[in-house]
Amino acid sequence: MLFAHLLSFLSLSVLFSAAHALPTVPIPSLLSTRGTPAEISTFLFAHNSIRSAHNASDLTWSPDLAEKAELWADNCLFQRTEGLLSDAPYGELHAAATGPFPIPTAISQFTQDQAEYDPAQPTYTHWTQIVWKATTQVGCARSQCVNLLGPTTGVATYYVCLYDPAGNIIGQAP
């Protein structure tokens, strides 16, 4: 009987130790999406409405950029990718909020800094990336992330949009 208890204890100890030794795979995103056809149309419409007001041609959707955006958004890190997604220099914009945060609101959030742009002394902003004339493609993704905006903020919707070719090139105008 003592042997059976000892064997049970050792078996549980081995299982417990093995479970703690296994690497854990974080799953920070509750929901992610590169978008349905309707959402893709909404992303494009929101971008292209802004671009057309500034004589920039329409962007086209890039599934490749959307996939890369999804990879980043799923990490739930509200920061620039710093080239971690590719060797290619993509333009990128990030937006996040708790509560209702539909695509048009996220894209309009990118343009709030338009008033800061002075052609005589150009600075590069979210808005300049959207209207950058050399940019031809965009791909965006959305994730639902817990505490993205702080330790007690709850679930936030996080958008990542990537642009190719990248804008905001020093010495050039949008």
**Request:** Tally the residues that are buried (at least 17 other Cβ atoms within 10 Å of the Cβ) and either within 12 Å of the chain's Cα centre (by Cα) or over 19 Å from Gly35 (Cβ atoms) (or both), restricting the search to the stretch 92-110.
**Result:** 6
**So Leu77, is it touching a Pro at 6+ places or on another chain (Cβ under 9 Å) and farther than 11 Å from Cys161 by Cα** = yes
**Prompt:** Would you pick out the residues in the stretch 111-124 that are more than 17 Å from Asn48 (Cα to Cα) and surrounded by 15 or more Cβ atoms within 10 Å (Cβ to Cβ)?
**Reply:** Tyr117, Pro122, Tyr124
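Report, by residue number, each residue of the stretch 50-91 that is more than 16 Å from the chain's Cα centre (by Cα) and either in a helix (DSSP H, G or I) or among the hydroxyl-bearing types (Ser, Thr, Tyr) (or both).
Ile50, Arg51, Ser52, Ser57, Thr60 - these are the residues of the stretch 50-91 that are more than 16 Å from the chain's Cα centre (by Cα) and either in a helix (DSSP H, G or I) or among the hydroxyl-bearing types (Ser, Thr, Tyr) (or both).
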**Request:** Would you mention how many residues in the stretch 31-62 are at pLDDT 95 or above, surrounded by 12 or more Cβ atoms within 10 Å (Cβ to Cβ) and on the phi > 0 side of the Ramachandran plot?
**Result:** 0
**Message:** Pull out all pairs, ordered by first then second residue, where Cβ-Cβ is under 8 Å, the residues are six or more apart or on different chains, the first lies in the stretch 111-135 and is farther than 22 Å from Pro89 by Cα and assigned to a helix (DSSP H, G or I), and the second is of a type in the set (Ser, Thr, Tyr) and modelled with pLDDT of 90 or more.
**Reply:** Gln114/Thr125; Glu116/Thr125
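The values are calculated or read from the model by the stated rules, or taken from the named source; none is laboratory data. What you see is a predicted model, and the numbers here were worked out from it, not measured in a lab. Note: ideal-geometry Cβ built from the backbone for every residue, glycine included; neighbour counts use all protein chains shown.
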